[in-house]
Every structure is written in structure tokens, then in C-alpha cells.
Amino acid sequence: MTTEDRNYLFDVGISLSNVIYRQCDLLLEMIDEMDRRDEIVNEIGALENEADALFHEFGFKFNQIEISPSERRANIYRMEAHLEEATDMLNELAKCLVRYNITEATEGYKASVNCIAAAVKSLMHMVNVLRVYDNETKGEYIKAVNVFDSYGVNYEKMYEIFIRQLFTEETDPIDVIRWKAIYDTIRLVFEAFETSADDCYNYMYFHE
């Protein structure tokens, strides 16, 4: 793999991470502007389309890049694919708010979106550290992956609390259905992040 090809691969990863960041920024904006949720959801969907276009272009160019061994090649492809998948999950989360006619964010939802925002900032840092990965930066890279991976563990604990509160404190069955679906979708976002963290661990092993 040439230096030019390597730079291209990481440029795509950084671009996809930036899309995720912009989607998350809009989700944070929507918390205080639920009356604009239709408009904001459309903006988040447009960003997901942007990520699709980036990934389709990447797929075409990737076939022309020589990477060996094959396991390393597959790992790099998965890294990009799972970043693109995260944009799909954030788009689905936004659409849930319209689908279930959410007009006011709960404290649990606010905490969840802020957790996503913190994870996304960690993701962007991790990708940038990965770009310059070598033996000297290995420790910083492992730390960055561990920090990013920890957000999924933290949300799993939050999820259990939110669901328990939902079924013990909420009296409206429609609201139980709505918020259970939304918290489950947020859980899928963190599952996508967790998979991306695994990809990054594997990249380190294949690099060595």
C-alpha cells in the first residue's frame, strides 16, 4: 500500500467521523428545539446520504488498492463500513423522534444524547491517533480506543436504569412503547461504536 493510498483511507475515515459528529451536533440541537424536529431530521438524513456517497466512492477505489495480508485488507474495509453504519444508526434515532411524535425530551434521553456526543468526540480523537499509529504512539492509541470503548459500557448501565424507571414509573403504556423503542435505538448506536472499537484493536494487531 502506497503512502498516497494510506492517506486516502484515513481521509475517508476522518470524513465519516466528521459526518457522525455533525449528526450528533444536530441531535443535541434538537433536544431544545423539538418543534423543529422534522427540519432537523431532514438535515441528519442528508448527512447520512453524504456518508453513503463517501462510502460508495471508497468501495470503488478500495478495490484498486493492494493491501496484504487479506485479513488486514478485510479489517480496513470493516473499519470504514462500521463508521458508515454508525451514521445510519444516528439517522434512525432521529427518525424515531418523528415516528413516535416526541415533543419533549426526557432527562434520560438528554443524558443518552450527551453520552453519544462524548463518545463521538472520543471517536474523532481515536481516528486521528490511528492515522499516525506506530510503535511510539501505540500507548496513546490503546488508551484512545479504551476510552472510546468505555462509552458503550457506560450506556449499557444507563440503559438498564432508564428501562427499569420506564416500567416502574411511567403509567402511560404508549409512552412506555415510545421510549423503550428510542432507548433500544440508542443502544444500537453504541453497539455500532463498540464494533468500531473492535475494528481498531484488530488494526493494531494486523499492523504489527
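Name the most mobile residue of Tyr183, Tyr151, Tyr100, meaning the one with the largest mean-square fluctuation, in a Gaussian network model of the chain with Cα contacts below 10 Å.
The residue that fluctuates most here is Tyr100.
Run lengths n ≥ 4 of DSSP H only: what is the helix-derived mean residue ellipticity at 222 nm for the chain, with -39500 (n - 2.57) per run over all residues, to the nearest 500? Please list the in-between numbers first.
Numbers: 6 runs with 178 residues, N = 208.
Helix contribution divided over all residues of the chain: -31000 deg cm²/dmol.
Expressed as a rounded percentage, what relative contact order does the chain have, with Cα pairs under 8 Å and six or more residues apart?
Values: 186 pairs, mean separation 62.6, N = 208.
Over the chain, the number comes to 30 percent.
About the Cα centre of the chain, how large is the charge dipole given +1 on each Lys and Arg Cβ and -1 on each Asp and Glu Cβ? Please answer in debye to the nearest 20. Display every interim value, and only then the final one.
Values: 20 positive and 40 negative charges, 75 e Å.
For the chain, the charge dipole is close to 360 debye.
I need the helices of the chain that pass two filters: whole DSSP H segments spanning 15 Å or more by Cα along the axis, and mean Kyte-Doolittle score no lower than 0.5. All intermediate terms of the calculation are to be shown ahead of the outcome.
Numbers: long enough: 3-32 (45 Å, 0.08); 37-62 (37 Å, -0.25); 70-99 (43 Å, -0.62); 107-131 (36 Å, 0.52); 138-169 (46 Å, -0.30); 173-207 (51 Å, -0.06).
The answer, listed by residue number, is 107-131.
Find the relative contact order for region 87-208 and round it to a whole percent, using C-alpha pairs within less than 8 Å whose residues are 6+ positions apart. Before the final figure, lay out the partial values.
Numbers: 67 pairs, mean separation 44.1, N = 122.
Across region 87-208, relative contact order equals 36 percent.
Jot down the radius of gyration and Dmax of the chain, Cα atoms only, both in angstrom.
Considering the chain through its Cα atoms, Rg and Dmax are 18.2, 61 Å.
If I build a Gaussian network model for the chain, linking alpha-carbon pairs within less than 10 angstrom, which residue out of Ala118, Ala192, Ala86 has the largest mean-square fluctuation?
Of the options given, Ala118 has the highest mean-square fluctuation.
Can you tell me how region 73-116 classifies by the Cα gyration tensor, rounded, prolate or oblate, using a/c under 1.5 as the rounded cut?
On the way: a/c = 6.73, a/b = 2.30, b/c = 2.93.
Oblate shape, in that a/c is at least 1.5 and b/c is the bigger or equal ratio.
FYI, it's all coordinate maths here, none of it is from the lab. Note that the structure is a prediction, hence the values are computed from the model and not measured. Don't worry about glycine lacking a Cβ; one is built from the backbone with ideal geometry, like all the others, and counts go over all protein chains shown.
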